Structure formats: C-alpha cells, structure tokens
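The values are calculated or read from the model by the stated rules, or taken from the named source; none is laboratory data. All values reported here derive from a predicted model rather than from experimental measurement. When we count neighbours, we look across all protein chains shown, and the Cβ atoms used for this are built from the backbone with ideal geometry, even at glycine. Remember, those area values only see protein heavy atoms, side chains included, never the ligands or the DNA or RNA. Shrake-Rupley method; radii C 1.70, N 1.55, O 1.52, S 1.80 Å.
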Amino acid sequence: MEFKKNQMVELYIDDIGNEGEGIGHIDGYALFLKDAVIGDKVRARIIKTKKNYGFARVEEVLEPSKDRVEPKCPKARACGGCTLQHLSYKKQLEYKFQKVKNCLERIGGLQGIEEKMEPIYGMDEPFYYRNKAQFPVGTDKEGNLVTGFYAGRTHHIIDCTHCVIQHPVNESILLKVLDYMKKNKISAYDEKTNHGLVRHIMTRVGFVTEEIMVCLVINGKKKDLRNLYQLVDSLKEIDGMTSICVNINKEKTNKILGNKIETVYGPAYIYDYIGDVKYQIGPLSFFQVNPKQTKVLYEKAMEYANLHGQETVWDLYCGIGTISLFLAQKAKEVYGVEIVKEAIDDAKFNAQMNGFDNAKFFVGKAEEVLPREYEKNGVYADVIVVDPPRKGCDAKLLDTMVKMAPKRIVYVSCDPATLARDLKILGENGYQVEKVSVVDQFSHSSHVESVCLLSKIY
Ligand code: SAH
C-alpha cells in the first residue's frame, strides 16, 4: 500500500519506539506517532513517508489505551520536554526496564539477563523533581513577552511558567523576571536578528540546602538591565534566594550559556548535598538534574563497588567528581578523569571543601589519560567506575581497563544501547555481568539511566 503525505489513516498502536513514541502498522508498513500509546486506536495524518516506514500525527484518539492518562501539564503535547506524560508512570517504568533488558539481550548478547536485573527504581512522586531549568525568553505574535520551553524540534517558545517537572519555585521566579522586564521595557532576545537582551532565565535549586540561584543569560552588558535593583529586591522576597547573576552570551548560537559570569547579588554559586557530600554548583557546572534519584543511583554505584577502605578506585568521565567524592567516603583513594577542565576545577574544590585528601583528578580524555598512566606509571585499580556520555566508552579505554584487570567494573550509563555494546566487549575479555539496576532519573522523558556491576572471572 502506498501512503501519501496528509493522508488520513486509522490504526492500532502495537509498539513503543526508542524515544517513547507509539508505533502502529498498516499492511506491514510501520508508522511512528508521537503522543500515541500502546493499545490506543487513533486517527492520524501522515506527515512524512520513507520506503519502509513513516511518521504520522495523532488527530484523534478513537479508543484510548488503558495505560493512557491525562497529562498533568496542559502544555505537555506541544512542549518538547516531556514526551511520556500521557503514559501512566507505572507503564513508563515498565518501558524503561524493558528497554534496558532488550538492549542487553539483543546488542549485548546477554540472554536471561532479567534474572540479574533488580526491579526498576522509580520515583514515589515523579513531579517537580528537577533542580535546574533553562527557560528561553521571547515575544509572541502580539509582541508580548513569553517564557517557557521550546516546542519539539523547533525554537518556537511554548508559554509555560508552571512546569510540572521543575521545582515549584520556578513559577514565581519567572513571573517576577517577566514583570521586571515589562516594567523596564527590557527586550527579549530574537534569534533571527540576534537583537534583544534577555535570552534565557536559568535557575538552580539546592534540594537539600534550599538555596536558589537565578542567572539571566543576556546578549549585552549587565548595565543594559535597567533598574536591576528592582528585580533583585523582588527576587529576594523568595525564601532561599542565594545567588543572582548574569551570564553574557552575545554569540549567534544555539548554545545557551556564554563563558562570562557576573554576580548581581550573593555569590556566583549555591551549595547542595548528595547524601553527606557537599557540592558547590555554579551556573556553568554540570550537576545531575534529579538529586533524589541521583542519590539512589550513587548509592547503587557505591553498593556495587563494595568498598571497605582499602581500595583504589578510578572514576572515568567523572564530571565535577560527584561519583568520585561519593566513593571517596569509603575508598582508600579515588582518581577521577574528565575532559572539561572547569569541571575538574570544581571537583578539586569540592574534594577540599569536604576534606577528602584521597581524591585526585586528571584533565583529559579518559581514553588517553588512563592508557598513559597505565603504561608510564603502572597505575592499578581494584574498582573502575565509568559514566560516559551517550556514545559510550572508547575502545582504547575498554582495552586499557581490561589490561588493568580490576576486580569489579561499575558501569553507569545514560544509553542502554552503548552500554550493551560495551558490556559485550568486556564480556569477551573476562568480565561477567553480576547485577543491573535501572534508576528513573528523567520521569516523563524516554531517557533511561542504569548501573551495572561486572566482575572479573578468574
Ligand atoms: N559522573 C559525572 C558526570 C557524567 S556525564 C556525574 O555523575 O555527575 C559524562 C562526562 O563525561 C561529562 O562530564 C563529559 O564532559 C565527560 N566526557 C565526555 N567525553 C569524555 C572523554 N573522552 N574523556 C573524559 N571525559 C569525557
């Protein structure tokens, strides 16, 4: 059967795709539909066709799946953020568990892996969990200031000041910033012309310390923000307001933040804790966005590392040393490696602030630093932890890890497909998967975080 753009079809959704989208079939031809749930019967409009599959848009849900729920956020469908809010949370968790299991079986060749998988760690309350937000600011067709989130795959701003996955304090921050901008005729940035001042409103909240940071990203100078004291006075009314700063970004770029930070009120950072470890967080620092679940994840990593005080641990792709410092509580020594120099500066600072003299850090590519340290200095590890970006570990790194022959490898992963690929390589080189846990760090999105324990077979 030939399909054409704009053609209307009726179909039953029988599968779920990699990004949480629904998949339905007509005469063997697969159609991918955002906002459709397994079990739905829908009427849809074809928007794009390829040889073996196509994309369609749900026009009407004819018979809803039993797993479909009313999204808590009225903007959920238009917004590019949450892609799974219309799926019950219980099903979201099942989907994520299955996604990891399927990858490990199909790509990793790990048949029967389910026996080694712990039940997924979901959130008790999967809303208002994020500690960091970056809201773009713009103007709508009528010229009104708007802030919220980009629509899926475009830079059209969906007006949304109450986001149900962000900390609730964000709403009053956004309203206060918009109010200040209106009263003082401060313009919003326009990407097309590269004119206008305020690009983004960034916020960070310490969930344990309750400290709040607001950082305005501007295409100009701090003094261009007329009567800035009005905004400061107004933001200070919010309990916990600790740091107000501006970030200068004059580039014509999709990158949200520039490099220069100027403080307006308080220091240019806040503090927060994960467990007993304290971290200083600036506007540019990478810090896990779901602090509650991060604690669950790091506690799993700690449990799998099985430390008793005598171990040497390498933490590769360490960011600001969050896992390194968490493990330094129980290890003899921890060595962290990370490519971003500023992150390593944060890691060193945080190590000192917490009084850890057993954590050392290297700037560089993990696949260069570890082989070099191994060949030159014969470094050793009882446990190696890796937490790579989505593309997974570099082959050269895996090779050195195998040569170093640690007793245990703890693999923290944000992409089950590359995790599975790397576990296969480690499996062929003497490492056996002992345990896997999936921790839901990103409720209502299709992202999946997991941690896996491998042990050396002698
Ligand atoms: N473990 C940290 C951060 C993990 S995110 C945490 O839990 O907070 C992955 C990190 O890997 C990022 O900080 C990124 O900058 C870093 N990175 C990316 N490629 C790298 C490479 N080739 N070598 C070392 N670090 C790398």
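A few comments on the model shown:
- Selected from Val37, Asn18, Phe55, residue furthest toward positive end of dipole (region 8-63; charges at beta carbon): Phe55
- Taking a ≥ b ≥ c as the square roots of the Cα gyration tensor eigenvalues, region 274-389 comes out oblate, since a/c reaches at least 1.5 and a/b does not exceed b/c.
- Computed in the context of the full set of protein chains, the accessible area of the chain at 1.4 Å probe radius has 50% of its extent on carbon or sulfur.
- Accessible area per residue in Å² at 1.4 Å probe, computed on region 132-274: 48
- Within the chain, antiparallel bridges make up roughly 65 percent of the DSSP beta bridges whose residues both belong there.
- Cβ-placed point charges (K, R +1; D, E -1), dipole of the chain about Cα centre in debye, nearest 20: 1320
- Its Cα gyration tensor gives region 22-126 an equivalent ellipsoid, and the semi-axes of that ellipsoid, as √(5λ) in whole Å with the largest first, are 26, 21, 12.
- Per residue value of the accessible surface for region 306-439 (all protein chains in place, 1.4 Å probe), Å²: 41
- Cβ-Cβ distance of Lys348 and Lys260, R₀ of 25 Å, FRET efficiency by 1/(1 + (r/R0)^6): the value works out to about 0.70.
- Remark on Tyr128: its backbone amide H falls under 5 Å from those of Ile165, Gln166, a criterion applied only to residues 5 or more positions apart or on other chains, H modelled at 1.01 Å from N.
- Percent breakdown of C-alpha pair distances by 5 Å bin, ordered from the shortest bin, for region 132-274: 2, 10, 21, 25, 22, 14, 6, 1, 0
- Both radii come from the Cα set of region 8-63: Rg as radius of gyration, Rh as Kirkwood radius; their ratio Rg/Rh reads 0.91.
- Taken one residue at a time, the phi angles of region 202-217 give Karplus couplings (6.51, -1.76, 1.60, θ = phi - 60°) of 9, 10, 9, 10, x, 5, 8, 7, 6, 7, 10, 10, 10, 10, 8, 8 Hz. Gly and Pro are set to x.
- Cα gyration tensor, the chain - rounded (a/c under 1.5), prolate or oblate: oblate
- Accessible surface for Lys348 stands near 110 Å², nearest 10, in the context of the full protein assembly shown (1.4 Å probe).
- Net charge of the neighbourhood of Gly108, taken over other residues with C-beta under 15 Å away and scored Lys/Arg +1, Asp/Glu -1, is 0.
- Fraction of antiparallel bridges per DSSP, region 8-63 only, in percent to nearest 5: 80
- Restraint check, Lys34/Lys222; Lys260/Lys435; Lys41/Lys90; Lys90/Lys407, Cα-Cα greater than 32 Å: Lys34/Lys222; Lys260/Lys435; Lys90/Lys407
- By accessible area with a 1.4 Å probe, ligands and nucleic acids excluded, highest first: order of Ile339, Ile158: Ile339, Ile158
- Between Lys252 and His156, the contour length at 0.36 nm per residue exceeds the alpha carbon distance by 32.9 nm.
- Dividing the summed -39500 (n - 2.57) terms of all DSSP H runs of n ≥ 4 by the residue count of the chain sets its mean residue ellipticity at 222 nm at -7500 deg cm²/dmol.
- Across region 223-231, coupling constants 3J(HN,Hα) worked out from phi with the 6.51/-1.76/1.60 Karplus curve, θ = phi - 60°, read 5, 5, 7, 4, 6, 4, 4, 4, 5 Hz, and Gly and Pro carry x.
- In the assembled protein chains, Lys236 presents an accessible area of approximately 100 Å² (probe radius 1.4 Å).
- For the pair region 421-458 / region 228-290, the C-alpha centres are spaced 34 Å from each other.
- Solvent-accessible area per residue for region 8-63 (1.4 angstrom probe, square angstrom): 53
- With 0.36 nm allotted per residue and the present C-alpha distance subtracted, the Val363-Tyr229 stretch has 44.3 nm of extension available.
- Here each label is just a point 7 Å from Cα along the line to Cβ, and for Lys292 and Arg372 those points are 4.2 nm apart.
- Taking every DSSP beta bridge that has both ends in region 132-274, the antiparallel portion is near 75%.
- The fraction of all Cα pairs in region 179-230 landing in successive 5 Å bins from 0 to the largest distance is 5, 18, 24, 23, 13, 10, 6, 2, 0, given as whole percents.
- Cβ-derived FRET efficiency at R0 25 Å, Glu2 paired with Lys90, nearest 0.05: 0.05
- Too-long pairs where the Cα-Cα distance tops 26 Å, listed order kept, from Lys330/Lys391; Lys341/Lys376; Lys292/Lys396; Lys295/Lys360; Lys51/Lys396: Lys330/Lys391; Lys292/Lys396; Lys51/Lys396
- Local electrostatic count at Ile339 - Lys and Arg +1, Asp and Glu -1, tallied over other residues with Cβ under 12 Å: -3
- Karplus-derived HN-Hα couplings along region 295-309 (A = 6.51, B = -1.76, C = 1.60, θ = phi - 60°), whole Hz, x at Gly and Pro: 4, 4, 5, 5, 5, 5, 4, 5, 4, 5, 5, 6, 8, 10, x
- Estimated FRET transfer efficiency (Lys435, Asp14; beta-carbon r; R0 41 Å; 0.05): 0.80
- Proximal charge balance of Gly240 [Cβ under 12 Å; K/R count +1, D/E count -1]: -3
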